[in-house]
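One structure below.
The values are calculated or read from the model by the stated rules, or taken from the named source; none is laboratory data. All of these numbers come straight from a predicted model, not from anything done at the bench. Cβ placement follows ideal geometry from the backbone for every residue including glycine, while neighbour counts extend to all protein chains displayed. Keep in mind that these areas ignore ligands, DNA and RNA; they rest on the heavy atoms of the full protein, side chains included. Shrake-Rupley method; radii C 1.70, N 1.55, O 1.52, S 1.80 Å.
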Amino acid sequence: MKIDYVKINDVTGEIAINIVESDYADKVKKQLKEIGKKRPEPGFRAGHVPASILEKKYGQAVKYDVINDLVGESLFEYIKENELNVLGNPIPDKENVINEDTKEFNLKFKVGLAPELNFTADKNLHVPYYNIQVTDEMVDRQDEALRRRFGKQEPGDEVDASALVKGVITELNEDGSVKEDGVVVENGIVAPQYFKSEEQRNLFIGKKVGDKLTFNPAATCEANPTELSSMLNLPKEEAEAHQGDFSFEIKEIIVLKPAELGEEYYKDVFGDDVKDEAQYRDAVKKMIESSLKGDQNFRFTIDAQNAIENAIGQVQLPDDILKEFLISRNEQLNADNIDNEYPEIRKQLVWDIEKSGVMKQLDVKVNEEDMLATARLVAQNQFAQYGMSNVPEDTLNHYAAEILKDEKANNQIANQTADMKFFAALQEAVTLDNKDVTVDEFNALFKSEAAEANA
């Protein structure tokens, strides 16, 4: 077998493969022999079928399969050995034919090549980095949220925005009278702050123990069967039939009393390092700054990509080959729509090539320890959604390992980890132009881009 490669241009090449009978004859005979061992033919038992009959009946199909497999293996071995950075798969020439009468075959394949980018990510590349300034107002809001989180529920005199209200829920007729044989929940409980309807919520605000009001349970939750069944203490299939008004006689009001500032509270929130209000507010400020770091880093990924793309400029790709490859691999793409769909695909592909080149330059690699650390973060965030913030280390490690066992999750974690390491390395490599901005100014960066995209 002879393989030749010709580079047509910077992003396109052609691989020619010459195959003669000696390259495939023995493999064809071996496969025919295996077929003869398993398949009987009229007048012959399995294992006793003459080679001539096997050749006549199966020879052409086996020959085609053997040559096809041989070509595929040879192509990818050649690409690997010669370190050709091929995009997609080789595209066979339309004149490639494997027929019965021919013993020698000359097959050609077009290959699309990734462009060589003359770019280095170093201190000459400037990328803006936006630091969101934490204001006293932001500290005040976070302080209020923390004091509520560490506060205590206790009986209250009046329903406020966060109160739990307990009482008797009674179904009414359209005229407001008590419905005979209607639903009655003796120990009903509602949380107006979670109502979907502001009008229904306001019916409770300011009410006191002993007050009676009329409300519509279905309206509080947009008739969600699960929420309605919970409120009325009915099976979901029955709760849906009760869409009318109910009375609510308030028996008890539970309000949340925010925690009081003091050493005990400071210790509960931040440990022994915080002793007074000044230290507490400073710690709250640092907490907010830490929480904003993720948003700031996300913004950096956008600006870094823009900076790299602008520095590299126009990138040449083997577009025709890639379109043909995409059509062959995606049922939703065809000759009629590929030109409309390709620009977005091309944009992402170009960035993947650019990012891959910079990652190689910065020697960014992902190992199992990195992926486990990312999986731990994912597990930690999942626990946090359920209010569990102090999960033991061994539990986090266990859940992280379980996450990585799932193939789809494993691939997502690998990509996420690679991006995290890439942009972290990029921050160290380039020059960061730090800019202090307010929250509104920071959010405006995204709004302006969205407006430009929709223009």
Residue count for the range 245-295, restricted to those that are over 30 Å from Gly210 (Cβ atoms) and touching a strand residue (DSSP E or B) at 6+ places or on another chain (Cβ under 6 Å): 1
Verdict on Ala163 being under 26 Å from Ser197 (Cβ atoms) and buried (at least 17 other Cβ atoms within 10 Å of the Cβ): yes
Count of the range 211-243 residues which are of a type in the set (Val, Ile, Thr) and either open to solvent by 40 Å² or more (accessible area, probe 1.4 Å) or without any contact (Cβ under 8 Å) to a residue 12 or more places away in the chain (or both): 2
Unmet requirement for Gly47, which otherwise passes all of (1) on the phi < 0 side of the Ramachandran plot; (2) open to solvent by 20 Å² or more (accessible area, probe 1.4 Å); (3) not aliphatic (A, V, I, L, M): (1)
Failed item in (1) open to solvent by less than 70 Å² (accessible area, probe 1.4 Å); (2) farther than 17 Å from Gly188 by Cβ; (3) among the polar types (S, T, N, Q), with Gln279 passing the rest: (1)
Count - residues of the range 109-131 that are farther than 15 Å from Leu84 by Cβ and touching a strand residue (DSSP E or B) at 6+ places or on another chain (Cβ under 8 Å): 9
Residue, least open to solvent (accessible area, probe 1.4 Å), within the range 121-153, restricted to residues that are in a strand (DSSP E or B) and at pLDDT below 95: Gln153
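Provide a single number: the residues in the range 238-293 that are assigned to a helix (DSSP H, G or I) and either among the hydrophobic types (A, V, I, L, M, F, W, C) or over 39 Å from the mean Cα position of the chain (by Cα) (or both).
12
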Set Glu95, Glu100: member being surrounded by fewer than 12 Cβ atoms within 10 Å (Cβ to Cβ), in contact (Cβ under 8 Å) with a residue 24 or more places away in the chain and not in a helix (DSSP H, G or I): Glu100
Count of residues meeting criterion [of a type in the set (A, V, I, L, M, F, W, C), exposed (fewer than 15 other Cβ atoms within 10 Å of the Cβ) and within 30 Å of Ile132 (Cβ to Cβ)] in the range 292-341: 2
Some residue of the range 199-210 being surrounded by fewer than 14 Cβ atoms within 10 Å (Cβ to Cβ), at negative phi, out of contact with any strand residue (DSSP E or B) (no Cβ under 7 Å at 6 or more places or on another chain) and assigned to a helix (DSSP H, G or I): yes
